[in-house]
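**Student:** Dropping a structure here in structure tokens format, bear with me for questions.
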Amino acid sequence: MKYVDGFVVAVPADKKEAYIALAAKAAPLFKEFGATRVVECWADDVPDGKLTDFRMAVKAEDNEEVVFSWIEYPSKEVRDAANAKMMADPRMKEMGDSMPFDGNRMIYGGFSPILDE
């Protein structure tokens, strides 16, 4: 069964091009490690909530935009193996050291699809 890793981050608006460049560099590596699909989405219609919302979830500041992304894998086992490979790959460390956002405010998780049409 497929497996999906989801991510939400706050990226400074003036770092959009740097984020796109990082995503374009990372996507082939995710695929090399077993991902079947990588999707990156820049905020377009992210309303402010009264109790909770995407911006609050990542403590986005006024100059930041929300990015929502996900990576699809054929199974949780493939995803787990990919994560192990990523942790040992110096290319991933290099990208992690130059992220154009505060990784401490990233929210992420792994999900087993219950509907996939």
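**Student:** Sorted by accessible area with a 1.4 angstrom probe, largest first, how do Asp53, Asp102, Asp62 fall?
**Tutor:** Working: Asp53 25, Asp102 60, Asp62 160 Å².
Greatest to least solvent exposure: Asp62, Asp102, Asp53.
**Student:** Between Asn83 and Phe68, what is the spin-label point distance in nm, taking each point 7 Å from the Cα along the Cα→C-beta axis?
**Tutor:** With each label point 7 Å from Cα toward Cβ, the separation is 2.2 nm.
**Student:** Put +1 on the Cβ of each Lys and Arg and -1 on the Cβ of each Asp and Glu in the chain; which of Trp42, Ala81, Gly109 then has its Cα farthest toward the positive end of the dipole?
**Tutor:** The residue sitting most towards the positive pole is Ala81.
**Student:** What area, in nm² and to one decimal, does the C-alpha convex hull of the chain cast on average over all directions? Walk me through the numbers before you get to the answer.
**Tutor:** Details: hull surface 31.8 nm².
So the mean shadow area of the Cα hull is 7.9 nm².
**Student:** At 0.36 nm per residue, and after removing the present C-alpha to C-alpha distance, how many nm does the segment from Val46 to Asp97 gain when stretched out fully?
**Tutor:** Details: separation 51, 0.36 × 51 = 18.36 nm, distance 2.80 nm.
Gain on extension, Val46 to Asp97, equals 15.6 nm.
**Student:** Next question, about the same structure. Using a 1.4 Å probe, what is the accessible area per residue for the chain, in Å²?
**Tutor:** Working: 7600 Å² over 117 residues.
For the chain, the solvent-accessible area averages 65 Å² per residue.
**Student:** All other residues with a Cβ under 15 Å from the Cβ of Asp14 taken together, and with Lys, Arg as +1 and Asp, Glu as -1, what is their net charge?
**Tutor:** On the way: positive: Lys15, Lys16; negative: Glu17, Glu61, Asp62, Glu64, Glu65, Asp102.
So the environment of Asp14 carries a net charge of -4.
**Student:** How would Asp14, Asp89, Asp80 rank on accessible area, largest to smallest, probe 1.4 Å?
**Tutor:** Asp14, Asp80, Asp89
**Student:** So between Met106 and Ala24, what do we pick up on full extension, going 0.36 nm a residue minus the alpha carbon distance? Spell out each step's value before the answer.
**Tutor:** On the way: separation 82, 0.36 × 82 = 29.52 nm, distance 1.87 nm.
Full extension of this stretch gives 27.7 nm more.
**Student:** Also: Please give, to one decimal in nm, the separation of the simple spin-label points placed at Lys2 and Met56, each 7 Å out from Cα toward the Cβ.
**Tutor:** Between Lys2 and Met56, the simple spin-label model gives 3.0 nm.
**Student:** Let me ask you something else. For region 19-40 and region 49-117, compute the distance between their C-alpha centroids and round to whole Å.
**Tutor:** So the separation of the two Cα centres works out to 12 Å.
**Student:** First compute the accessible area of the chain with a 1.4 Å probe, then give the percent of it belonging to carbon and sulfur atoms. Walk me through the intermediate numbers first.
**Tutor:** Working: 4310 of 7600 Å².
Carbon-and-sulfur percentage of accessible area, whole number: 57.
**Student:** OK, next. Report relative contact order for the chain in percent, whole number only (criteria: Cα-Cα under 8 Å, sequence separation at least 6).
**Tutor:** Numbers: 180 pairs, mean separation 58.2, N = 117.
With pairs under 8 Å counted, the relative contact order is 50 percent.
The values are calculated or read from the model by the stated rules, or taken from the named source; none is laboratory data. None of the values given here were measured: they were computed from a predicted structure. Methodologically, a virtual Cβ is constructed for each residue, glycine included, from the backbone with ideal geometry; neighbour enumeration extends over all protein chains shown. Side chains included, ligands, DNA and RNA excluded: accessible areas come from the protein's heavy atoms. Shrake-Rupley method; radii C 1.70, N 1.55, O 1.52, S 1.80 Å.
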